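Computed from the coordinates by the stated procedures, all read-outs in this text should not be read as laboratory data. Note that the structure is a prediction, hence the values are computed from the model and not measured. So basically every Cβ, Gly included, is an ideal-geometry build from the backbone, and we count neighbours across all protein chains shown.
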């Protein structure tokens with residue numbers, strides 16, 4: 001029974017996840033367009049090319065910005081919401097559901113909305129700023145190359161904050177309530193309770209969520225790509241978007257399949273290194289309760 | 001004492017303001033899109049905050065028929081439902097033996113499946129495209145479904161294992177003593193007990209695959225195969241040439257988001273607890 005129960009899942013998993021992942025390593029050593037031409041062995045050629053590719057470095061910088069700046073904003077908001085939701089508000093479940101809501105909506109739907117918000121001249125943001133009399137701010141073009149990345153980040157953080165709130169909140173809810181009550185009786189403030197009780201008690205949850213966020217930031221395609229639309233600005237490239245464009249192109253196909261896959265392999269190692277680093281940096285004795 | 005109370009009141013008010021304001025924005029986001037989808041383009045740009053008194057239902061007709069969102073809706077529905085059904089068929093039994101079976105290498109195999117959650121999906125773009133093309137499943141909804149199933153296995157098994165592990169073992173032993181075979185124990189005892197867990201995994205995957213679009217972008221090509229997300233993306237692309245029918249676009253956006261919002265209204269508790277179970281076990 002064990003074999004029969006495991007076989008279908010294992011075959012699919014091996015065939016369409018593990019095998020292509022391994023194949024990626026092999027493919028990344030070739031130069032090929034995939035269509036009938038014989039792949040040319042280039043060894044680590046794709047990787048050396050990658051190291052001197054300014055577009056790739058720009059994409060890596062964007063990725064780090066998402067990971068660090070977006071991460072600080074996302075986790076800052078998630079901590080704030082966890083703290084406030086656990087301070088004895090009524091309607092906690094309703095608020096939690098509404099904060100999480102953007103996560104169940106198609107990314108393209110969300111990016112379409114944010115595109116309209118940041119649209120030059122007619123956008124919702126410009127319209128609000130005009131109504132507030134902030135004409136100098138209203139004349140800023142939010143989708144101009146120098147601003148578009150941060151405009152994208154606003155939408156991204158908006159979604160992510162809800163996702164990490166429910167994870168951190170779930171951790172905080174597992175902390176025994178008598179600890180909170182005792183602290184509250186002693187006169188601890190909401191912030192003190194969060195910093196001195198919740199945070200240390202859910203340290204392992206924080207670590208997991210940080211790992212999740214980093215993995216997410218490294219492989220992110222959908223949100224910035226859809227936000228950029230056709231002819232996506234290079235300022236929105238993440239390594240994974242660059243991978244897609246080198247592999248499949250936008251208007252004009254590129255089909256640099258080997259090079260594209262090399263970017264994927266780089267992402268894989270980035271993921272590994274980040275997980276190991278995070279585990280090392282955040283290693284702390286687990287609090288037992 | 002009085003001063004203390006007002007301070008607390010102020011703090012409480014601040015909490016409601018922040019949390020309530022953020023929550024209200026989620027509601028605003030949905031309502032604004034729906035209202036935008038019922039406006040004429042002139043009003044959408046001229047009066048973005050107005051409420052359409054005379055709703056332009058024609059936007060939906062145009063999007064559903066002329067822009068083929070009816071077909072895309074059907075494609076999305078079929079791909080998503082078939083994938084979720086197939087996914088449950090393969091991952092429920094696997095998770096069951098991984099969580100309750102007794103055989104050598106069980107833990108190792110379980111970890112091996114979990115490893116799949118850490119593989120960045122873009123790494124698989126090119127290899128999957130090549131594999132699907134060689135198997136003559138490129139640019140087909142069948143091919144896309146198979147890939148969806150395979151790539152959803154690690155998360156699904158991980159969450160399902162948790163559900164199976166949480167079931168009491170007394171019933172299992174009782175059934176065995178009564179002479180049930182291993183399969184009968186699974187089919188008639190454990191499966192019904194795991195029902196809520198399986199439903200949770202089904203809903204989470206349904207929403208996830210309904211909204212998915214990077215793999216469909218890589219694997220699909222023909223217009224007739226488009227899912228809703230791809231339909232919206234291609235509509236945006238075509239708007240570059242034909243001028244912006246943003247109202248029609250927002251009708252398309254409403255079509256893609258209404259099903260998951262309805263599911264969320266009915267099942268938000270279950271969805272949230274499923275996700276937190278997967279993330280914070």
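Numerical summary
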{"read-out": "Gyration tensor verdict on region A:116-236 (Cα atoms; rounded if a/c is under 1.5, prolate if a/b is larger than b/c, oblate otherwise)", "value": "oblate"}
{"read-out": "Separation between Cα centres of region A:76-93 and region A:193-228, rounded to whole Å", "value": "17 Å"}
{"read-out": "Order of B:146, B:265, A:105, A:140 - criterion: other Cβ atoms within 10 Å of each residue's Cβ, fewest first", "value": "B:265, A:140, B:146, A:105"}
{"read-out": "For chain A, Kirkwood radius (reciprocal of mean inverse C-alpha pair distance, Å)", "value": "22.0 Å"}
{"read-out": "Alpha-carbon Debye profile of region B:67-279, log10 I(q)/I(0) at 0.09, 0.12, 0.13, 0.15 Å⁻¹", "value": "-0.44, -0.72, -0.82, -1.02"}
{"read-out": "Linear extension gain, residue B:173 paired with residue B:193, 0.36 nm per residue minus alpha-carbon span", "value": "5.8 nm"}
{"read-out": "For the protein assembly as shown: span of alpha carbons on each principal axis (Å, largest first)", "value": "82, 76, 49"}
{"read-out": "Between 0 and 90°, nearest 10: helix B:125-134 axis offset from chain B longest Cα axis", "value": "80 degrees"}
{"read-out": "Cβ-Cβ FRET estimate between residue B:81 and residue A:182, R0 fixed at 51 Å, reported to 0.05", "value": "0.55"}
{"read-out": "Pairwise label distance in nanometres, residue A:154 with residue B:133, each label 7 Å out on the Cα-Cβ vector", "value": "4.0 nm"}
{"read-out": "Cα gyration tensor shape for region B:55-123, rounded if a/c is under 1.5, else prolate or oblate", "value": "prolate"}
{"read-out": "Shielding of B:223-230 by partner chains, average beta-carbon count, 10 Å", "value": "1"}
{"read-out": "For region B:223-278, Kirkwood radius (reciprocal of mean inverse C-alpha pair distance, Å)", "value": "13.3 Å"}
{"read-out": "Per-residue Cβ neighbour rank within 10 angstrom, fewest leading, B:246, B:49, A:203", "value": "B:49, A:203, B:246"}
{"read-out": "At 1.306 mPa s and 10 °C, Stokes D of region B:200-252 from Kirkwood alpha-carbon radius, µm² per second", "value": "128 µm²/s"}
{"read-out": "Principal axis dimensions, region A:1-127 - Cα atoms, whole angstrom, descending", "value": "63, 57, 27"}
{"read-out": "Relative contact order (percent, whole number), chain A, Cα cutoff 8 Å, 6+ residue spacing", "value": "27 percent"}
{"read-out": "Nearest-ten-degree value, helix B:69-100 long axis tilted from longest Cα axis of chain B", "value": "20 degrees"}
{"read-out": "Residue exposure sequence - B:188, A:216 - by fewest surrounding Cβ within 10 Å", "value": "B:188, A:216"}
{"read-out": "R0 of 51 Å, Cβ-Cβ distance residue B:8-residue B:40: FRET efficiency to nearest 0.05", "value": "0.55"}
{"read-out": "Crossing angle, helix B:106-115 versus chain B [Cα axis fit, 0-90 degrees, rounded to tens]", "value": "20 degrees"}
{"read-out": "Relative contact order (%) - criterion: Cα under 8 Å, at least six apart; region: chain B", "value": "31 percent"}
